[in-house]
Every structure is written in C-alpha cells, then in structure tokens.
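Data block below; observations after.
What follows draws every value from the coordinates through simple rules; no lab data is involved. This structure is a prediction, so every number in the text was calculated from the model and none was measured. Here Cβ is always computed from backbone atoms with ideal geometry, including for glycine, and neighbour counts include all displayed protein chains.
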Amino acid sequence: MDDTLRALADPHRRRILALVRHEEMPAGAIAAWFMLSRPAISQHLKVLAGAGLVSMRRDGTRRLYRAEPDRLDEVRAYLDRLWDDGLVRLKAAAEAEQTSKTDGGT
C-alpha cells in the first residue's frame, strides 16, 4: 500500500488516473492534457503502473493505459478503514468527555 499512496501523492499522477479512469488512452493523448513532456508523462505512468493503479496494453505500436478499478477499490477500502477508525476514536473521546462532565456535575 505504501507504493500506492506514494504514487497518489503527486497531483499529476492523480490527474492522469482521473483521465484513464473510464477510458484507455495512449501516453501522447494523456500528455496533451499537461504542460509536461511526453517522457515526464511516461515516468508518471511507470510509477502508476508499478503501484498497480494503471495497466498498459499494446495495440500495434501504441501503448494504451487505463486505471485498474480493483486496485482503486483496495485503496478506497484502506482509506475507509482509516476514516472509520478515526471516527470511532472521536466518538469514544466525545462520549468519555460527556460522561466526565455528567459525573463531575453530580
């Protein structure tokens, strides 16, 4: 998961992921959305692929990239667990504070 979160830390990579979320795109078409060189986009795609967030398939001489929905689901589940754990701790702290105010006031 660490590689995945590192890959997602870069705003360019998050934007690339959004572009290929619903359709396959070649690197050149992805690069057209950025003020970055094609080699820079290729490096970002390599990082995303290494983290399992995108896959590549060849179509003749073209390489087409697309998001990996199963991996995105794993990331979402991981973040949901973190969020849920934080909410549980917050609720427990609020209830403990309320209890101490109630007990102290009697």
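Counting neighbouring beta carbons within 10 Å and listing from fewest to most, the residues MET25, MET56 come out as MET56, MET25. Label sites at ALA29 and ASP10, each approximated as a point 7 angstrom past Cα along Cα to Cβ, lie 2.2 nm apart. Here Cα extents along the principal axes in Å was calculated from the structure, and among (1) 78, 27, 21; (2) 44, 34, 16; (3) 34, 30, 23 it sits at label (1). Centroid-to-centroid, using Cα positions, region 1-29 and region 33-69 are 8 Å apart.
A Cβ-based charge dipole, computed about the Cα centre of the chain with Lys and Arg at +1 and Asp and Glu at -1, lands at about 740 debye.
Other residues with beta-carbon under 11 Å from the beta-carbon of HIS44 carry, at +1 per Lys or Arg and -1 per Asp or Glu, a net charge of +4.
Projecting the Cα positions of GLY28, GLY52, TRP83 onto the charge dipole of the chain (unit charges on Cβ atoms of Lys, Arg, Asp and Glu, taken about the Cα centre) puts GLY28 furthest along the positive direction.
Label positions at GLN98 and ARG38, each projected 7 Å from the Cα along the C-beta direction, are separated by 6.1 nm.
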